[in-house]
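J.: Handing you this structure, nothing more for now.
What follows is calculated from the coordinates using simple rules that are stated; it is not laboratory data. The structure presented is a predicted model; accordingly, all values stated were derived computationally and were not measured. Backbone-built Cβ (ideal geometry, glycine too); neighbour counts: all protein chains shown.
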Amino acid sequence: MSYYYCSDRLTNDQKTRARVSMEGTTIVSSIGSVPIDTNFVAPMSVCSTNTANANNYAGIMSVELSGISNASSTNGNDGGNIDGIAGCSNTYEIDTSISNTLNVEVGPNLNQLGVWIDWNNDGDFDDDSEQQYLVSGGILENSITPIVLDYPTIIPYDNYVRIRIINDLDSGYGGVSAISDACYNSLVYGQSEDYAIYVMPGGATTYTYNNGWLPNSPVGASTSADTIIIDAGTANISASTDCNTITVNPGAALTIDSGVTLTTTTIDLNSTSQLFSSLISDGTITGVVNYNRFTSQIGTNDLISAPVSGQQFTAFAALNANLAASATTIRAFAPYNTAAGAY
Ligand SMILES: [Ca+2]
Ligand SMILES: [Ca+2]
Ligand SMILES: [Ca+2]
């Protein structure tokens, strides 16, 4: 029986087997099911490269970013340069709250390579962080060059930007010059390929430390909108960092290096009867530090000491005048009955 016209009648197992047979092919990463973005405007460019005479000595063979790969071939087989800027199936998508690595595969012979992104959409490639990569030779035949994308100070959230990749044979070959810029016009064997990158909307990121950062380290990278949670282990702030709030959970610790400023609205230090959170600052904290000392209910007593190492209890008591007191140096903790309004 043929399922050609009734693929909706495949069992889940049949669908799984059909999918497995397609793994490794571009159809698996197809975004054909994603509705077309009617706001799409192809980023313009003020320049293009020359087109080299058709040949198969050099070329950009594939360009991969965030799971999307555009495969092609040499200059000769591609029919010159590729302008994939308007092709809906060629669009990359990046989340700039994390690191993104571009992988460029070149063709035969020793190669040179340049990569630019017009982050500010003014058509050229000479602004903040727009040159991503440029080497004049030494890239081995059929190799993949990984390039960690460099983001600009002002990230064009929710926008499409143009990426331009230029390759030619190594500039050591006779008659070949070094690629100088994104508008290079002396290609001899290689080609240029342009594609669109969609920069996902920015938003607050929650960074969690559990003996390692997820999704990535906020140190020196997070913004005043972001949240940091220290769940377990000792997190170290080694470069000045902004965030909205930091929570250090029981048993976890936060250290701030000398000369470093941590700017936040609040740092909440949480505890249980047995576990405390720790904050050791050799730098500067701008924001309010709350020490949320857990005290147990009726039946168990928790012995409370001053949270700051070396602090005299009298100083601690003076700073916590809201606690029930029977004398200037005695503070009481007790269950509070909100209905009765009394301890
Ligand atoms: Ca190509
Ligand atoms: Ca630009
Ligand atoms: Ca410019």
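J.: Under the rule a/c < 1.5 gives rounded, and otherwise a/b versus b/c splits prolate from oblate, where does segment 206-294 land using the Cα gyration tensor? The partial results should precede the final answer.
T.: Details: a/c = 1.55, a/b = 1.34, b/c = 1.16.
Verdict is prolate for segment 206-294.
J.: Sort ASP78, ASP118 by Cβ crowding within 10 Å, fewest neighbours at the top.
T.: Going from sparsest to densest Cβ surroundings: ASP78, ASP118.
J.: Restricting to bridges with both residues inside segment 206-294, how much of the DSSP beta-bridge set is antiparallel, in percent to the nearest 5? If you can, show how the numbers build up before the last one.
T.: On the way: 2 of 33 bridges.
So the antiparallel bridges in segment 206-294 amount to around 5 percent.
J.: Can you tally the net charge around THR263? Count Lys and Arg as +1, Asp and Glu as -1, for every other residue whose Cβ sits under 15 Å from the Cβ of THR263.
T.: Details: positive: none; negative: ASP226, ASP242, ASP257.
For residues surrounding THR263, the net value is -3.
J.: In the neighborhood of MET44, defined by Cβ-to-Cβ distances under 14 Å, what is the net charge if each Lys or Arg adds +1 and each Asp or Glu adds -1? Walk me through the numbers on the way to the answer.
T.: Details: positive: ARG162, ARG164; negative: ASP83, ASP118, ASP122, ASP124, ASP194.
Local net charge: -3.
J.: Let me ask something else about it. Over segment 153-266, with a single point scatterer placed on each C-alpha, what log10 of the ratio I(q)/I(0) does the Debye formula yield at q = 0.10, 0.11, 0.20 1/Å?
T.: -0.53, -0.59, -0.99
J.: I've got another one for you. How would ASP282, ASP95, ASP170 line up from fewest to most surrounding beta-carbon atoms within 10 angstrom?
T.: Fewest to most other Cβ atoms nearby, the residues stand as ASP282, ASP95, ASP170.
J.: In addition: Defining a contact as two alpha carbons under 8 Å apart and six or more residues distant in sequence, what relative contact order in percent does segment 90-149 show? Kindly include the intermediate steps, with their values, before the conclusion.
T.: On the way: 92 pairs, mean separation 27.0, N = 60.
Rounded, it is 45 percent for segment 90-149.
J.: Specify whether the C-alpha gyration tensor of segment 92-135 places it in the rounded, prolate or oblate class, a ≥ b ≥ c being the square roots of the eigenvalues: rounded for a/c under 1.5, otherwise prolate if a/b is larger than b/c and oblate if not.
T.: Taking the square roots of the gyration eigenvalues as a ≥ b ≥ c, segment 92-135 is oblate.
J.: Return, for the Cα atoms of segment 39-199, the radius of gyration and Dmax in Å, separated by a comma.
T.: Rg then Dmax for segment 39-199, in Å: 14.5, 46.
J.: A further question on this structure: Any idea what log10 I(q)/I(0) is at q = 0.12, 0.23 Å⁻¹ for segment 188-248, Debye with uniform C-alpha scatterers and no solvent?
T.: -0.41, -0.92
J.: Write out the GluC sites (Glu not before Pro) in segment 62-107 meeting two conditions: DSSP loop, and at most 12 other Cβ atoms within 10 Å of their Cβ.
T.: Qualifying residues, ordered by number: none.
J.: Could you line up THR241, THR96, THR16 from fewest to most neighbouring Cβ atoms inside 10 Å? Each step should come with its number before you reach the end.
T.: On the way: THR241 24, THR96 16, THR16 11.
With the fewest neighbours first, THR241, THR96, THR16 line up as THR16, THR96, THR241.
J.: Can I ask one more? May I ask you to evaluate 6.51 cos²θ - 1.76 cosθ + 1.60, the Karplus curve with θ = phi - 60°, for each residue of segment 261-273 and list the ³J(HN,Hα) values in order in whole Hz, giving x for glycine and proline?
T.: 10, 9, 10, 8, 7, 9, 10, 9, 9, 9, 8, 10, 4
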